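The values are calculated or read from the model by the stated rules, or taken from the named source; none is laboratory data. Given the structure is predicted, the values throughout are model-derived calculations rather than measurements. Neighbour counts are summed over all protein chains in view; Cβ atoms, including those assigned to glycine, are modelled from backbone coordinates with ideal geometry. The area values use the complete protein model at the heavy-atom level, side chains included, leaving out ligands, DNA and RNA. Shrake-Rupley method; radii C 1.70, N 1.55, O 1.52, S 1.80 Å.
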Amino acid sequence: MGRSAAAGYVMVAVAATLFAVNASIVKVIEHNGVGAQRLTEVRSTGAFVGLMLIVLATRRDALRIGRRELALLAALGVGGLALVQWSYFFAIHRLPIGEALLIQFVAPLLVALWARFAFRERVRRRVWLALVLSLIGLVLIVELWRGELEAAGIAVAGIACLSFAFYILVAEVATRRRDSISVLAWAFLFAALFWAVVEPWWSFPDEAFRGRTSLLGHLSSLHAPLWLLVAWMIVLGSIVPFALVVAALPRIGAMRTAIMSMLEPVVAILVAWAWLGESLDGVQLTGAALTLAGIGLAQTAR
């Protein structure tokens, strides 16, 4: 494995871990009555501001953009970033984190199918086996046979799956023309504009992010300022992990990036167990092992 590919895998692993921790942070913020749409607007706008400041400070030539590229980045911003964030927030508010992420992470299978039948790429058998192992592992992690899942949550988690696959595929194309930071800065601009239309800023509830809140679950005795949790969501839950994923795409490609991202549900269920008190038993640990085995197997296929 070359250094570039190894760096790509590390980038996605770190990003998956940050996204997994962010899921529990979002649960805490939403517990205070902040809706998924407004939270997505705040996250998108904050990420755009942070990323654009980096572009202005380090690569101003990246501000130049052609019409065709503008359309591609607008599609990435609205069809990818705007929708995947909103549907993710909505789903984890209605469903346990594990169930929501299981449905979303059918996306790597869609990416592999697209690579095989749309791009005519040769997908090795061990990749299909890896996907099967990982998906079986995710099913065991969330123990789907227990309880009933809310229909609205399942439907929106399906949207998260489609938009996640779209985001990975379009971002890979976009990074062939420009660096990952400017790609995300432009894409988050369109995501922020989209949500500014859906949820106008003049109707923003100023009191929504004031005061302190309990961290819930096993940390319920601890309290933190809401603004601090929102800052974490924007910087370490958005800017850093999204930048890492997009930077990894030129190094390992869309399919391996998507499969490696399946680490997120494994870490998320562990964080939710340790923090929020969500369930974790032997069956779920077996599922985590299968998912990790599938991820590892996929990375052995060139």
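Numerical summary
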| item | result |
| --- | --- |
| ILE136 vs. criteria assigned to a helix (DSSP H, G or I), surrounded by fewer than 21 Cβ atoms within 10 Å (Cβ to Cβ) and modelled with pLDDT of 85 or more | yes |
| Test result for ARG116, in contact with a Leu (Cβ under 7 Å, 6 or more places away or on another chain), in a helix (DSSP H, G or I) and modelled with pLDDT under 90 | no |
| Selection status of LEU39, in contact (Cβ under 8 Å) with a residue 40 or more places away in the chain and open to solvent by less than 60 Å² (accessible area, probe 1.4 Å) | yes |
| Which numbered condition ALA157 fails, given (1) open to solvent by 30 Å² or more (accessible area, probe 1.4 Å); (2) farther than 23 Å from LEU70 by Cβ; (3) within 20 Å of the chain's Cα centre (by Cα); (4) in contact (Cβ under 8 Å) with a residue 24 or more places away in the chain | (1) |
| Members of segment 261-302 that are among the acidic types (Asp, Glu) and modelled with pLDDT of 85 or more | GLU264 |
| Matching residues, segment 71-116, being closer than 24 Å to LEU189 by Cβ and without any contact (Cβ under 8 Å) to a residue 40 or more places away in the chain | ALA71 |
